[in-house]
Amino acid sequence: MARPYDQDHMCPTAKTWTESDLPDDHGFYTYVLPFFPRRARRDVRLLEVPNAATLFTSNSKPERIFYVLAGEVCLVRRSRSGERTVLHRSRNGFIAEASLFDLSYDCEAITVEPSKLVAIPRKEFVESLKDGDHASFQWIAYLLRELRTSRAKAERLSLKTAPERIVHYIDFYGHGGNYYLSGTKKNWASELGLTHEALYRALAQMKKLGRLTVDGKWFALRRARRAAVTRHVRSGRKSA
């Protein structure tokens, strides 16, 4: 059995992080890491992890905290009968941050596709939170954003129709009704709690009704102008 990536001997693809490794397109480097002291960056590793790899196992002691740059990681809990329940999916952000101050994990983390991650020593990470006002503030801000995102997801999944979920998602993650899909439609369908066939049907329906325009990976919501709606109401005419 392969050793979990949480341990210090991790994997042959792990490499020491350096300033030259900083990409410009990840929120981790822009909004999170710069606020931590140098010692918190010591022994940080960049990991390229294959599909179905175990980052850590249930009941193991947290040694590192992970940030998902690309790919997808699932938090999984197994029942006594061996059935798996997916507790959380992460495609961009920290994974299992709730276990940062725990003595052991209560679940396991498994990649569901080849993934790229940052692994930070837990001890230094916690010490930086205790010592630095900026780091503590940034960590609280991150957790509040995650809470807002989780609430939005719960609200979205409570919506009954696929078009409603699509509109909700674009309004939340997009700008002015415009959204760029960086991943695949299959992954998007999973985030929406839909099959990819249901997503394709809903997108086609919305395009046909003029509610959505698609240009490559750009999606734009089309809404009736308020002025036009007001005219219909005042004239007593029914809207289509």
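For segment 87-121, which residues satisfy the criterion of being of a type outside the set (S, T, N, Q) and free of Cβ contacts under 8 Å to residues at least 40 places away in the same chain?
Selection gives L87, H88, A98, L100, F101.
Select, from A98, A135, A119, the only residue that is in a strand (DSSP E or B) and small (G, A, S).
It is A119.
With the structure loaded, tell me whether R145 is assigned to a helix (DSSP H, G or I) and basic (K, R) or whether it fails that test.
The answer is yes for R145.
Quick one: V214 ticks every box in (1) aliphatic (A, V, I, L, M); (2) loosely packed, with under 13 Cβ neighbours inside 10 Å; (3) modelled with pLDDT of 80 or more except a single one, so which number is it?
The one condition V214 does not meet is (2).
Among the residues of segment 124-145, are any under 30 Å from E83 (Cα atoms) and in contact (Cβ under 8 Å) with a residue 60 or more places away in the chain?
No: segment 124-145 contains no residue that is under 30 Å from E83 (Cα atoms) and in contact (Cβ under 8 Å) with a residue 60 or more places away in the chain.
How many residues are within 21 Å of K186 (Cα to Cα) and either more than 13 Å from the chain's Cα centre (by Cα) or touching a residue at least 60 places away in the same chain (Cβ under 8 Å) (or both) if we restrict to segment 57-86?
Total satisfying the criteria: 4.
Can you tell me which residue among V86, V126 is modelled with pLDDT under 85, out of contact with any Asp or Glu (no Cβ under 7 Å at 6 or more places or on another chain), among the β-branched types (V, I, T) and more than 28 Å from L157 (Cα to Cα)?
V126
Only one of these conditions is not met by I110: (1) open to solvent by 10 Å² or more (accessible area, probe 1.4 Å); (2) in a strand (DSSP E or B); (3) β-branched (V, I, T); (4) closer than 24 Å to R145 by Cβ. Which number is it?
(4)
Those residues that are under 13 Å from the mean Cα position of the chain (by Cα) and either of a type in the set (K, R) or open to solvent by less than 20 Å² (accessible area, probe 1.4 Å) (or both), I need them from segment 117-159; list them, please.
Within segment 117-159, L117, Y142, R145, R148, A152, K153 meet the criteria.
For residues that are open to solvent by less than 70 Å² (accessible area, probe 1.4 Å), small (G, A, S) and closer than 19 Å to R64 by Cβ, tally how many sit in segment 78-107.
5
So which residues in segment 186-205 are surrounded by 14 or more Cβ atoms within 10 Å (Cβ to Cβ) and in contact with a helix residue (DSSP H, G or I) (Cβ under 6 Å, 6 or more places away or on another chain)?
Once the filter is applied, which keeps residues that are surrounded by 14 or more Cβ atoms within 10 Å (Cβ to Cβ) and in contact with a helix residue (DSSP H, G or I) (Cβ under 6 Å, 6 or more places away or on another chain), segment 186-205 yields A189, L192, G193, L194, H196, A198, L199, A202.
Could you grab me the full set of residues in segment 181-211 that are at pLDDT below 85 and within 14 Å of L157 (Cα to Cα)?
Correct list: S190, E191.
Hey, could you check segment 30-52 for residues that are of a type in the set (A, V, I, L, M) and either open to solvent by 10 Å² or more (accessible area, probe 1.4 Å) or at pLDDT below 85 (or both) and say which is farthest from K186 (Cα to Cα)?
Top of the filtered list is A40.
The values are calculated or read from the model by the stated rules, or taken from the named source; none is laboratory data. Fair warning: this is a prediction, and the values are worked out from it, not measured in the lab. Backbone-built Cβ (ideal geometry, glycine too); neighbour counts: all protein chains shown. When the accessible area is computed, the model is the full protein with side chains, heavy atoms only, and any ligands, DNA or RNA have been set aside. Shrake-Rupley method; radii C 1.70, N 1.55, O 1.52, S 1.80 Å.
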